[in-house]
1. Within a 10 angstrom radius of the beta carbon, how do LEU152, LEU81, LEU59 rank from fewest other beta carbons to most?
2. Pairs LYS2/LYS35; LYS66/LYS159; LYS66/LYS158: which exceed 30 Å Cα-Cα?
3. Using amide H atoms built 1.01 Å from N in the peptide plane, name the residues 5+ places from GLN85, or on other chains, whose amide H lies under 5 Å from its own.
4. Report, as a whole number in µm² per second, the diffusion coefficient that Stokes-Einstein gives for the chain at 4 °C and 1.567 mPa s using the Kirkwood radius over alpha carbon pairs.
5. Below 17 Å, Cα to Cα, which aspartates and glutamates can LYS150 reach? Residues fewer than 8 away in the same chain don't count.
6. I need the phi-derived Karplus couplings for segment 135-143: 6.51 cos²θ - 1.76 cosθ + 1.60, θ = phi - 60°, integer Hz, Gly and Pro marked x.
7. Positive end of the charge dipole of the chain (Lys, Arg +1 and Asp, Glu -1 on Cβ, about the Cα centre): tell me which of GLY116, PHE106, PRO169 has its Cα farthest that way.
8. Quick one: Karplus J couplings for segment 50-57, per residue in order, coefficients 6.51, -1.76, 1.60, θ = phi - 60°, nearest Hz, x for Gly and Pro?
Amino acid sequence: MKTLIIHPEDPSTFFLDIVYESVQDKTLITGGVSKGDLIRLIDEHDRVMMMGHGSPAGLFAVGQFKNVGAYIIDQSMIPYLKQKQNNVYIWCNADKFVDVFGLKGFYSGMFISEVGEANYCGLPGMSQEIIDESNYGFCNIISKHINEDKELIHENVKKEYGLIAETNPVAFYNNNRLYKS
């Protein structure tokens, strides 16, 4: 299976690199392409993995792409993403994007990956150590299952990350916001 990975270069999301380390036949895009280039790449691949910072409107470009504005993945990409059934969407509020447009795959809702996000989401006082345990725990777990189909990814990640969630409030919050469609 040919996998396109769209992970805009951003030091605050480097920990997500772990997610796709074990993916074989992959093309990694961290910036530098246009939306037209990206559409061609989506068409050439069986699955698309998208991760980084985002909102209900899509995946932020974080200034890494040519002439795209704020988002590299937005509603203009829907017709191309709809052709894929096993995509991965990991960014804050990706659920709002996936659900609104009827996309298929494994995806996150609001996902706390920084201390400021924990404060914003009603978890004040979370240390960087707790955030890191959640971030790296999630990435190490999903990386073990990333080559499975969306049902198995969802089932296994929820179960294994759930063990971390028993003692880590950030992981508990995030684990309750992991979905498949």
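Taken together, the values in this text are just the output of simple stated rules run on the coordinates, not laboratory data. Every value quoted in this text rests on a predicted model; they were computed, and no experiment measured them. Backbone-built Cβ (ideal geometry, glycine too); neighbour counts: all protein chains shown.
1. Going from sparsest to densest Cβ surroundings: LEU152, LEU81, LEU59.
2. Long pairs (Cα-Cα over 30 Å): LYS66/LYS159; LYS66/LYS158.
3. none
4. Rounded, D is 80 µm²/s.
5. The reachable aspartates and glutamates, counting only those whose Cα sits under 17 Å from LYS150, are ASP46, ASP95, ASP99, GLU160.
6. So the J values, rounded to whole Hz, are 4, 6, x, 4, 5, 5, 6, 5, 5.
7. So the residue we want is PHE106.
8. Couplings: 10, 7, x, 8, x, 8, x, 8 Hz.
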